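J.: The following block contains the structure, expressed as structure tokens.
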Amino acid sequence: KIEYEEFLAAFRAARTTFEYDLDDAMEHAAASADLVIALIDPKSMHYNARELQMYEMVYTNHREKFRPFCFVQPEMLGQRKTVGPLLVAARARLEQVMELEPNSLPELEVVGLAGEGSKSGDKMDMILLAVAESLLVVEHGCVDQAHDNIRSIIDALWGARDPSAAQGAKARLLEWLKLWEEATAKRKHPPLARLHQVCESASKDVRRGHVVADDIEGWTPAKVNSWLQERNPALSAYASAIVDEKISGKRLLALTDESLRRRLGVQSLGHRREMLRHTAALLEGRKNFLKK
């Protein structure tokens, strides 16, 4: 009778009886699952040693798929001022039980509040809503990770020393993105709709290139001169200095106001600022892919 009467009543109605060891059952369920969501009642954590023992066991054996969330009981919803301190205390207690350093776990998110205005007041309905909200948080986290991974791949193309390998990676990435775009097209589920936008933007950025890595890092002094003169013909005055100083694309990105004045003899403050502005725009283009 410690846990949910509604859940137990479902078994009674079906006239079902069962015997099991709770630890073995929990371990078997966790081992079979891809994701373990713990809906933690922050209030009960101060006295429910059995519950804490379960969290410790599951975290120890399956930490890579253990995700704790806070499920605030309906009677606590009116006491908003006490919920915040309870969340902090619950996280500290979890870290203590799991023998983690303080603040190792992320802040516990509150789920289940969507059922706060439910007329039925059915606790099982609120638990199911809390599970659904928890899954949504996890899914958005997956999209965040996908976003970061795609960005890292594109960023790596900038530093590729082998142009053929970079082109091969670019083609493969476009294949993946196309598959993901097709799979998530017209999906209304928020994380999938967001993933579709991420893939769509990434495809455009990969095709557009923003000037790909080997096109910048591997620029010859002649290419650097050509690029500068396209932006301002007056900058051709420094063409010979760029050739003499062997200003490649890699060195172009490292130029400073001081090096422009001393190494390239750019005495005009206006020209130095202009050249640095164009270089900054080039760098910004490199970083301007995949905005959330």
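The values are calculated or read from the model by the stated rules, or taken from the named source; none is laboratory data. This one's a predicted model, so the numbers in the text were calculated from it and none came from an experiment. Here Cβ is always computed from backbone atoms with ideal geometry, including for glycine, and neighbour counts include all displayed protein chains. Heads up: the accessible areas ignore ligands, DNA and RNA and are worked out on the full protein's heavy atoms, side chains in. Shrake-Rupley method; radii C 1.70, N 1.55, O 1.52, S 1.80 Å.
J.: Working only within the range 164-189, note down all residues that are closer than 20 Å to residue 147 by Cβ and either open to solvent by 90 Å² or more (accessible area, probe 1.4 Å) or touching a Lys or Arg at 6+ places or on another chain (Cβ under 6 Å) (or both).
T.: 172, 175, 176, 178, 179, 180, 182, 187, 188
J.: Does the range 200-218 contain any residue that is closer than 30 Å to residue 179 by Cβ, open to solvent by 50 Å² or more (accessible area, probe 1.4 Å), in a helix (DSSP H, G or I) and modelled with pLDDT of 85 or more?
T.: Looking for residues that are closer than 30 Å to residue 179 by Cβ, open to solvent by 50 Å² or more (accessible area, probe 1.4 Å), in a helix (DSSP H, G or I) and modelled with pLDDT of 85 or more, one finds at least one in the range 200-218, hence yes.
J.: Oh, and also: Mind listing just one residue for me: the one in the range 36-58 that is part of a helix (DSSP H, G or I) and open to solvent by 30 Å² or more (accessible area, probe 1.4 Å) and, of those, nearest to residue 97 (Cα to Cα)?
T.: 56
J.: If I ask for residues that are closer than 16 Å to residue 226 by Cβ and open to solvent by less than 30 Å² (accessible area, probe 1.4 Å), which ones from the range 249-263 would you list?
T.: Those that are closer than 16 Å to residue 226 by Cβ and open to solvent by less than 30 Å² (accessible area, probe 1.4 Å): 249, 252.
J.: While we're on this one: Take residue 95 and decide whether it is open to solvent by 60 Å² or more (accessible area, probe 1.4 Å), farther than 18 Å from residue 131 by Cα and at pLDDT below 90.
T.: Answer is no for this residue.
J.: Shifting gears a bit: So is residue 282 under 30 Å from residue 194 (Cβ atoms), of a type outside the set (Phe, Trp, Tyr) and at pLDDT below 85 or not?
T.: yes
J.: Any idea which of 107, 101, 27 is of a type outside the set (Lys, Arg), in a helix (DSSP H, G or I) and at pLDDT 75 or above?
T.: 27
J.: Let me ask something else about it. From the set of residues in the range 225-256 that are charged (D, E, K, R) and not in a helix (DSSP H, G or I), which is nearest to residue 269 (Cα to Cα)?
T.: Among residues in the range 225-256 that are charged (D, E, K, R) and not in a helix (DSSP H, G or I), the one nearest to residue 269 (Cα to Cα) is 245.
J.: Could you check, for the range 74-81, whether at least one of its residues is open to solvent by 80 Å² or more (accessible area, probe 1.4 Å), at pLDDT 75 or above and not charged (D, E, K, R)?
T.: no
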